[in-house]
Each structure stands twice: as C-alpha cells, then as structure tokens.
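Undergrad: Take a look at the following structure, please.
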Amino acid sequence: MVTPQIQTSQLNLWFGKNHVLHDVSIPIHAHQVTAMIGPSGCGKSTLLRCFNRMNDLIPDTRIEGQVTLGGMDIYAPKTDVTSIRARVGMVFQKPNPFPKSIFNNVAFGLQIKGGLTKPKIQERVEESLKAAWLWDEVKDRLKSSAMALSGGQQQRLCIARALANRPDVLLLDEPTSALDPQSTAKIEELCLELKKSVTILIVTHNVAQAGRISDHTAFMYLGELVEFDRTDKMFTVPADKRTEAYLTGVFG
Amino acid sequence: MNRRKTWNALGTGILSATLLATFPFLLIFLAQMFYKGFAVLSPEFLLSAPREAMTAGGIFPALIGTFLLTALSILIALPLGILTAIWMNNYGKPVWLIRILRIAINTLAGTPSIIFGLFGMAAFVNIMGLDVSLLAGGLTLAILALPVIINNTEEALRTVPADFRDASLALGATTRQTISRVLLPTALPNILTGAIISVGRVAGETAPIMFTAATFYSRRLPGSLSDEVMALPYHIYALMTEGTHPDEQVPIAYGTALVLLLLVLLVSAVAIFIRYSIRRKRQW
C-alpha cells in the first residue's frame, strides 16, 4: 500500500468549549477522490478546513493531534500557512469569484506569489482554465468581469483559480449545492478528470454524488469518523449500523 | 374593511405625513437663502477680496481659505482614518482594547465641535506653538473628521463579503495581500463616498477654526501653512455678529452663506453620483 498523501492522527478540534472533532484518524490517498459524508453539523466541513488551516481564522479554535501533508506536519510551529494554502487549494460552497476580471481571478494566486513573468502567468491562466473546462466559454472575454458568469461557470472559475497554484490537493466544500443539475454533472465529471493530476477531497450532502465520483468515502457522525473505506465497499456492505442507516436514508 | 388594512393605511399615512412635513421647512430655508443671497452673487463677489471694512467687495480669500482648510484636514484625516479602520477591522487585538477604542471614537463623533476648537487651541496653537494658522486649523478639523472617516471606512470594509476574504486567504495570500488586493479595492468606492461627505461637513464648521485658524479680515491670501486664513463659515459669523454696518454686511453674509450651501450641496451631489454609479455596477 502506498503512503497516504494526507494523514491525520488523533485529530481533535474545539471551537471554544465545543468539542467538534473527536480523535479523527484518516488517510487520504494521492490521485483519488475522497468523499466526506454525514448529516449537517457532523464536522465534515470542519475536518476539510483542517487540511488547509482555514479553521485558524475562527477565533478560539484549538487543535490537538497531527495532520501531515506529504509527510510534513502542517500544524508544526514553523510551518508557513500561506505555502500550505498554495499547495492545498479550496473551492467553497457558494461560488466566490473576486469582483475582478476572469483573467485576474485565475491569476490571483500567481500574482501574490510573484516571481512569474507576464507571459508565464498568461500561459498558466490558460492552462488552468482549460483544466477546469472553462477555456472555450471564456477565452474571448478574459477581461470582462467574473461576476457576469453563470453560477456553474463561476464555480469552475473558482476551480481554475485554485488550480493555477498547481496544488497537490484540492478541497471541495459542497461545491455543487448551489448549482443546477447540469452544472453539477459537469463538475462531477471534471472531478474524475482532475484526479489524474490532483488529489481531491469533497464534502457533500449528496450521498449519490459521493457514490458516483469517489474512490474512498468517510462517514462522519457527531464529530467522529464512524467509517472510512473504499466507496464501492461501503455503499454495498457498510461495516457500521449508523453508516447503513445514513446511506439508506433512515436519518440525515 | 379588516383591521390590518386599516392599521396599515393609518401607519403609512402618518409616515408620509411626517416626511412631507419636513419638506416645507427645507423649501422655506432654501427659498430664503436664495432670495437674500442671490442678489449679491456675481463673479466679482466670488473673485475679489472684501473692501471698505467688509461692507463691499467679495469673498475670494474666504473661499480659498475654506478650500485650503478642508483639503488639508482631509489629507491628514483620510490616510490616518483608513489605516485605523483597517487595523481595527483586521488586526485589532485584544478585543477589549478595540471595544474601548470604539467607545472613544463614537464619543469623539458626538462631541460638540466647539470642544474640538478649544482642544485645537490648547494643543496646536499654544502647546505646539503653531499659533493661529492654516496648519493648526487643518489639524483641528482633521481630528473632527477622523471619527466619521474611521466609522465609515469600517462600515465599508464590513460590507465586503467574507467570501472574498476566505477565497483570497485560501489561495495562499497573506492578510496584508488580502487587504491590499481584495478588501480595499472592493471597499474603496464606499470609503471615498464617505470621505467626500465628511468634506462637506468639515467645510461648514465654524467653531473648530474660530480659535485655531480663522481671521476676521484679510485682504491677501495665505502664503504658507503658518498664516491665518479667512474661511466662509467664520466670515458669515463675523459679518453677523461683529459687523458695524449691518445694512451693507447682512446681504454679504447671506451671499456667503449661499455660496457655502451650494458648495456643500455640490460635494454631496458628487458623493451621491459616485455611490449611484457604483451601485449600478456592483454585481455581488
């Protein structure tokens, strides 16, 4: 078995006095899609945000345990948070392009990092937009505002924006919950294509979506990782009764 | 007719009536200003200095003085206010310190302007030895404008959706980059609109410059920051209270008041226009 790209061990997280994650140990394998499912408030989004340290932004957050990315402890005191976030891209639930041009949205990560020439940035923007299946739709209007795009296009733009940093990992936090079925289908297909070059973690409310696109699935409940297994296995013979109940819609 | 409809009609009626009730006052006020002030208004009135013990001539030095005082104070208060607001909004720690600062700022915003005048005289004119000067007046007006600019900038920064900040940070931007490349550009139009409105307020203030900058009568324009200046609001005050020839001077005071009013209206109109064009373009 290959070494996992991301590994958490005994991860605990508190928001103030609220104990949100309990002893979560999970391996995330490279070039796979890992889905995280569970009822609202189970901690799946919070766990996702541990991987790029976005929880740091919430006051009174306390974390114990370890998260490693390619063997490196990302919560070690000397770790540079910005370099972690450049390596671990994130796409949010609601499409959130900047009120800038399409080009400047995608180029943002490269511009802040600096050190790239203009032609190089242009090249990378094109590469990222192509990778996010958006290039053909926007190549003639790179200078117009990203806000004029449709919801599905905006979400693919956000994916392109994250890809421009050439990340190792892409975190998707319910990326299709604000989109129509067609846009959703497109993003699901895109995930299957993207996993060739980047490791994907997706939080979803939609069990069927997890079944369609993920290789591994993690089921979380009340802040605990109840079950983690190959998706085909978990969806046919879940090991835990709670997983079975959730998958069959007894609660959720 | 059911009761809810009756109450609704009554409530709407009362609200409309109160709104309409304010209009006559505004109209009477404006009519009065125009009627009494328009008579003396002329290019010569705007572009010449007062003559014959302020019974004739124009208001050019006061116009320039008000322009300089306002520009100087905004030039000082705007960067300071914006930086303060950014700090309070993004870096400010600990929470209790921010809370105290906010109370202080709001207290300053509600302080009568004459108190600023006294403070300016004590701090700038006497202790710092700036004498009654353009600089002392500009500093005093800057302190007056500061709380307004800080509150307005904070408000503008708060209206930037948190999504934008999250997106920027998640791409590996530092807090500083997020502020300079996402937060500020997004909030800037609103910040500037607020700044322009505070220009209007500063231009009309009399009390803060009374002891710090304004002079009763000067035929020449200020040559440096340490010169005394004439200013429109103080000119009105002087003509109405200390004039010895009310027959000639009261019309000049009304003319000056009309000019000041038109200037402030013009500045507000610019702000409203900017805000309107932003709202039309904004897409989030």
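Undergrad: Testing B:L68 on (1) touching a strand residue (DSSP E or B) at 6+ places or on another chain (Cβ under 7 Å); (2) aliphatic (A, V, I, L, M); (3) free of Cβ contacts under 8 Å to residues at least 24 places away in the same chain, one condition comes back false. Which one is that?
TA: (3)
Undergrad: Identify the single condition in (1) more than 14 Å from every other protein chain (Cβ to nearest Cβ); (2) β-branched (V, I, T); (3) surrounded by fewer than 21 Cβ atoms within 10 Å (Cβ to Cβ) that B:I150 does not satisfy, given that it satisfies every other one.
TA: With (1) more than 14 Å from every other protein chain (Cβ to nearest Cβ); (2) β-branched (V, I, T); (3) surrounded by fewer than 21 Cβ atoms within 10 Å (Cβ to Cβ) applied to B:I150, the lone miss is (3).
Undergrad: Hey, another quick one. Return the residues of the range A:121-168 that are over 19 Å from B:A167 (Cα atoms), in contact with a strand residue (DSSP E or B) (Cβ under 8 Å, 6 or more places away or on another chain) and of a type outside the set (G, A, S); say none if nothing qualifies.
TA: A:L142, A:K143, listed by residue number.
Undergrad: Pick from A:Q111, A:Q154: which is closer than 23 Å to B:T178 by Cβ, within 14 Å of chain B (Cβ to nearest Cβ) and surrounded by fewer than 19 Cβ atoms within 10 Å (Cβ to Cβ)?
TA: One residue alone meets the criteria, A:Q111.
Undergrad: Examine the range B:265-280 for a residue that is within 14 Å of chain A (Cβ to nearest Cβ), among the aliphatic types (A, V, I, L, M), within 28 Å of B:G194 (Cα to Cα) and assigned to a helix (DSSP H, G or I), and state whether such a residue exists.
TA: Scanning the range B:265-280, I find at least one residue that is within 14 Å of chain A (Cβ to nearest Cβ), among the aliphatic types (A, V, I, L, M), within 28 Å of B:G194 (Cα to Cα) and assigned to a helix (DSSP H, G or I), so the answer is yes.
Undergrad: Search the range A:25-53 for residues being touching a helix residue (DSSP H, G or I) at 6+ places or on another chain (Cβ under 6 Å) and of a type outside the set (K, R), and hand back the single one that is farthest from A:Q209 (Cα to Cα).
TA: A:N52
Undergrad: Is it fair to say A:R141 is over 18 Å from the mean Cα position of the chain (by Cα), basic (K, R) and part of a helix (DSSP H, G or I)?
TA: Judged against the criteria, A:R141 is not a match.
Undergrad: On the given criteria, is A:K100 of a type outside the set (D, E), out of contact with any Lys or Arg (no Cβ under 8 Å at 6 or more places or on another chain), within 30 Å of A:E189 (Cβ to Cβ) and within 11 Å of chain B (Cβ to nearest Cβ)?
TA: Yes.
Undergrad: For the list (1) more than 14 Å from chain B (Cβ to nearest Cβ); (2) of a type outside the set (A, V, I, L, M); (3) touching a helix residue (DSSP H, G or I) at 6+ places or on another chain (Cβ under 6 Å); (4) assigned to a helix (DSSP H, G or I), I need the number of the one condition that A:E126 fails.
TA: Going through (1) more than 14 Å from chain B (Cβ to nearest Cβ); (2) of a type outside the set (A, V, I, L, M); (3) touching a helix residue (DSSP H, G or I) at 6+ places or on another chain (Cβ under 6 Å); (4) assigned to a helix (DSSP H, G or I) one by one, A:E126 breaks only (3).
Undergrad: Mind telling me which of the residues B:P222, B:P185, B:P189 ends up being within 14 Å of chain A (Cβ to nearest Cβ), at pLDDT below 90 and either outside any helix (DSSP H, G or I) or at negative phi (or both)?
TA: B:P189
Undergrad: Moving on to the next point. So, B:T193, is that one touching a residue at least 60 places away in the same chain (Cβ under 8 Å), buried (at least 19 other Cβ atoms within 10 Å of the Cβ), over 23 Å from B:L134 (Cβ atoms) and β-branched (V, I, T) or not?
TA: Answer is yes for this residue.
Undergrad: Also, quick follow-up: Go over the candidates A:V67, A:V91, A:V81 one by one and state the one that is within 14 Å of chain B (Cβ to nearest Cβ), β-branched (V, I, T) and in contact (Cβ under 8 Å) with a residue 40 or more places away in the chain.
TA: A:V91
The values are calculated or read from the model by the stated rules, or taken from the named source; none is laboratory data. Everything quoted here is computed from the prediction, not taken from an experiment. Using ideal geometry, Cβ is built from the backbone for each residue, glycine included, and neighbour counts are taken over all protein chains shown.
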